[in-house]
1. If I filter region A:84-103 for residues that are in contact (Cβ under 8 Å) with a residue 24 or more places away in the chain and surrounded by fewer than 18 Cβ atoms within 10 Å (Cβ to Cβ), do I get at least one hit?
2. For region B:129-142, which positions are at the interface with chain A (Cβ under 8 Å from one of its Cβ atoms) and at pLDDT below 75?
3. Report the residue count in region C:169-212 for those that are among the hydroxyl-bearing types (S, T, Y) and more than 27 Å from C:L47 (Cβ to Cβ).
4. Surrounded by 21 or more Cβ atoms within 10 Å (Cβ to Cβ), modelled with pLDDT under 90 and within 14 Å of chain B (Cβ to nearest Cβ): does that describe A:G267?
5. Suppose we filter B:G23, B:G75, B:G45, B:G29 for residues that are buried (at least 20 other Cβ atoms within 10 Å of the Cβ) and touching a Phe, Trp or Tyr at 6+ places or on another chain (Cβ under 8 Å); which single one remains?
6. Which one of these does C:N265 not meet: (1) in a helix (DSSP H, G or I); (2) of a type outside the set (S, T, Y); (3) facing chain A (nearest Cβ under 9 Å)?
7. So, restricting to strands (runs of 3 or more DSSP E) that lie completely within region A:293-388, which ones have at least 1 residues that are buried (at least 21 other Cβ atoms within 10 Å of the Cβ) and free of Cβ contacts under 8 Å to residues at least 40 places away in the same chain?
8. Tell me yes or no: at least one residue of region A:235-245 is part of a loop (DSSP other than H, G, I, E, B), of a type in the set (V, I, T), under 16 Å from the mean Cα position of the chain (by Cα) and crowded, with 24+ Cβ neighbours inside 10 Å.
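The values are calculated or read from the model by the stated rules, or taken from the named source; none is laboratory data. None of the values given here were measured: they were computed from a predicted structure. Quick reminder, even Gly has a Cβ in these numbers, built from the backbone with ideal geometry, and neighbours come from all protein chains shown.
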Amino acid sequence: MKNLKKVLAVVMAVALIVTCFAACGGNEKPNTDEAVLKIGVTGPLTGDYAQYGLAVKYGAELAAAEINAAGGINGMKIEILAEDDVAAPEGAQNGYNALIDDGMKLSLGSVTSGACAAFLGEAKKDNMFMLTASATAVEAIDGDNAFRVCFSDPAQGTVSADYIADNKLASKVAVIYDSSDAYSTGIYEKFDAQAKAKGLNVVATESFTKNTKTDFSAQIQAVKTSGAELLFLPIYYSEASLILSQAKTAGLDVIFFGCDGLDGILGMDNFDKSLAEGVMLLTPFTPTAKDERTQNFVKSFTAKYDKAYLNQFGADAYDAIYIIKAAIEKANVTADMDASAICDALKVAMTQITFTGVTGTDITWGADGEPVKKPIAVKIVNGEYVVM
Amino acid sequence: MEFLSTIISGISLGSIYALIALGYTMVYGIAKMLNFAHGDVIMVGAFMMFTALTKTSLPPIACIIVGTIICTVLGMLIEKIAYKPLRSATSLSVLITAIGVSYFLQNSAQLIFGAGTKQFTPLFGNGSVSLFDGQVVISHNTIVTIIISVVLMIVLTLFINKTKTGRAMLAVSEDKGAAQLMGINVNKTISITFAIGSALAAIAGALLCSSYPILSPTTGAMPGIKAFTAAVFGGIGSIPGAMIGGILLGVIENLSKVYISTQLSDAIVFGILIIILLVKPTGILGKKISEKV
Amino acid sequence: MSLFKSNKKIVSNTKNNLITYAILLGFFAFAFIWAQTGEMPRKIQNLLIPLCVYSILAVSLNLVVGVLGDLSLGHAGFMCIGAYTGAVFTNIFETVIPNDFIRFGLALIIGGLFAAIFGFIICIPVLRLKGDYLAIVTLAFGEIIKNILNIVYLGVDSEGLKASIDGTSYNAMLLEDGKTIIKGAMGITGTSRDANFIIAFVLLFVTVMASLNLINSRTGRAVMAIRDNSIAAQTIGINISKYKLIVFTIASFFAGIAGVLFSHNMNSFSASGFDYNTSILILVYVVLGGIGSIRGSVIAAILLYALPELLREVGEYRMLFYAILLIVMMIVNNNEKINDMKKSFMMKFKKNKTVSEGGKN
């Protein structure tokens, strides 16, 4: 009896949702005659990493709106379909299949590395084109259908170490990274190897996990006693802002150096910009850049969305859509092609195009899917990025 | 010196855990339920204070009071809407409801305030005190956190042992039925417990976000689970136990980070917890429950 | 009189079990035929294996929570061990055992056994603890497993296996021809996707059958006696420790199997996915399905796992809806008036049949 009761309750609840769907279904836009190219993306739209997922969603939607207003690509309108994956591989896999049902023809992969690797697993089976905006792990684009806009983890680690050594920023460096995060450990590993190869002295290596990312006093103390001149932070900006404020209290006086995950720190609501004064980071995107593209992007993005989401995630996604546009025009993709045919056409076109956008100039792609572009190092001076 | 500063920051972190754990333990003692939504009440409190702080010109102390009042009301509302209908249900059913409430609060906060991380302005300034030629640095926030926590714990202990309402709470936690027969309004007492627990959570939120100044919809989740651990550690249902459990947890966490490994600090903290529970199966100050057939 | 009663109980148990099997087979037939027609949306096709995985997890957790009466918050930890050991096995022997079916079968057994061993080890401290103290110890074990696996690097090269908990020294150790299997926080990527719906369903069926047989066996009755009154059980000579160990080990074994299934259905997974939130999610299935009800666990797991996926239609309000539904379901389930109404409705429905009290399976 007891079981039946519960089952009944669950059934009732489901009935409720179904009714709700029915209601939603009625509001669907009527099909227009125009061909619509649906570009799918999964990302964390809720939960711990929602700010990054939403930034990607907004960036892509902004680009799509601009392209559509200007007449679309080859006469096709584009539509962005975004699904929530809570930054989990499982979520990305489920989201991918939901996107297929909704008519996705090509994709922006997923936002975070682990999820993107799972997304790729599905995309490979279907030969679905994938251009991820922000998944940095090597495994995330391990297939000939996959490309990315951002730098890979190893590239960022290597480039950071090179930059520090070549510009003689410091000889003794320390690292604080997130050992429970693929992005952070990926950069750290290569950084460490390259730093040693370049003759830098890595004097302290500290880490934290998702469960212990509140109190960094122990790590900061260790960095302080190690006598490091530079602290490398291959982490996201939320945690970095905590480290910066705690380092200030502890009187840690070093150069802070980060990667693209740090971008967005100045956009944090109510952020005390003096904390980030002098922080250096390698980022593909500087919102203060004076070129027209960036200026326009920043203007239209902030007009439409909260400025908290204005960071390299959004910029990468914005570029990703324009890159897809360039590739589609190059490959002459038409609306009647299926996903697999589009993928075959685009993976050739991707290696032929040269793209200039808000995250880099003259970007080209190899068949491995990695972008070839120059990293930009910026320093935060008076609360703004200054290109070095 | 390193040892001293480790201990101090451990106590600071631990006293925040302790304040949250107090809410867990009080609710558990009286309603016999694990209120997994407790951590999210902290987040709501912090968001309220953040909004008051950035959108109005109220002084910090007024912001704390506003946040605390809102949380108190919220705590009572949650109890009335989600938990009261389940008074006669098993404690596991209430646990699941609490998880539902936790998801609800997190997702509502994201929809209302956005997913972006916000920087919380420390309510007690950014200053710090230097000891031993700068070898030990203690921030004002740390000092205030420890003082407020200790004061609140003392007040709470006095309240429970000396006032009529407090003793009613004790009675309800001992035996609901008997308490009712003695003329205690059980529903009201439970409601008051939730109010106090949520008020403590709001203050803990203010302290947490002042010491570790970021704020996002998931800010409360991790401290919540740590505080739950602390409450069990100290002996769930015991108020001094929650305090000791919280502070010990903070100190152990920091010591293991400094002297063993930052990578393995979770494993070490939880490992020590298991060992302590093996020696003292009902937590440090937990009552030994004698079972009757 | 007493003989008659017990006979009746056995009959009702058998009947109950048959209903459970019928529901399971019905679910399978429905899904299988739907999939064969080619009309099944990709979204649903993709859910079939996870639904079996979470059903197995819910059933096995129900053995601990419902049948034994101990609250466990670390079930995802056992799943994690199964997922890792199974996937590592498959990756190492990918070329040695080319037959997918045999290799996957072995991976399942190995994953299950490893999880069972851990379950056994973890049960030893648990024997001393009760209630929420036990819950926190299981939660702690789950977190420890997650924390350690998150920093483990394991690879295989011409010299054999290489492992380290430090990425840099691991990279230095691994030879050129090496292949990394576990890569720290990135977890395991590229495991051969050997799982399919039929295997998953067979495993679910076996789990349910084993659980029902356990419950209806002498062991099961002893375990339930412990749950209902441990002191009384002890006085009639039931060895509490032994039975707790049995249940914990069996439950962990099946959780491990579910983990293997999970890991062979995904191109990438990492230890962070197996945190206490996952354990609590499984607990939600168990509680909503009915404590001690195997059938209920399966149904609740299927409905509740599919729920957020179906809620994708409401976009950003998805998890908010899920939360509200969770609360409403719990309140409706426990509302006396609604329950009375349902009871009287069922009474009318059953007319002359007496309402059996022990229908818990």
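1. If we filter region A:84-103 for residues that are in contact (Cβ under 8 Å) with a residue 24 or more places away in the chain, which is where we start, we get A:84-93, A:95-97, A:99-100, A:102-103.
When the remaining residues are screened for being surrounded by fewer than 18 Cβ atoms within 10 Å (Cβ to Cβ), the result is A:102-103.
Yes, region A:84-103 has at least one match.
2. Passing the criteria: only B:G134.
3. Initial filter on region C:169-212 (among the hydroxyl-bearing types (S, T, Y)): C:169-170, C:180, C:189, C:191-192, C:207, C:211.
Filter once more, so that each one left must be more than 27 Å from C:L47 (Cβ to Cβ): C:169-170, C:180.
Residues in region C:169-212 being among the hydroxyl-bearing types (S, T, Y) and more than 27 Å from C:L47 (Cβ to Cβ): 3 in total.
4. On the way: surrounded by 21 or more Cβ atoms within 10 Å (Cβ to Cβ): yes; modelled with pLDDT under 90: yes; within 14 Å of chain B (Cβ to nearest Cβ): yes.
Judged against the criteria, A:G267 is a match.
5. Details: B:G23 fails: touching a Phe, Trp or Tyr at 6+ places or on another chain (Cβ under 8 Å); B:G45 fails: touching a Phe, Trp or Tyr at 6+ places or on another chain (Cβ under 8 Å); B:G29 fails: touching a Phe, Trp or Tyr at 6+ places or on another chain (Cβ under 8 Å).
Exactly one residue qualifies, and that residue is B:G75.
6. For C:N265, the exception is condition (1).
7. A:355-357
8. Yes, region A:235-245 contains a residue that is part of a loop (DSSP other than H, G, I, E, B), of a type in the set (V, I, T), under 16 Å from the mean Cα position of the chain (by Cα) and crowded, with 24+ Cβ neighbours inside 10 Å.
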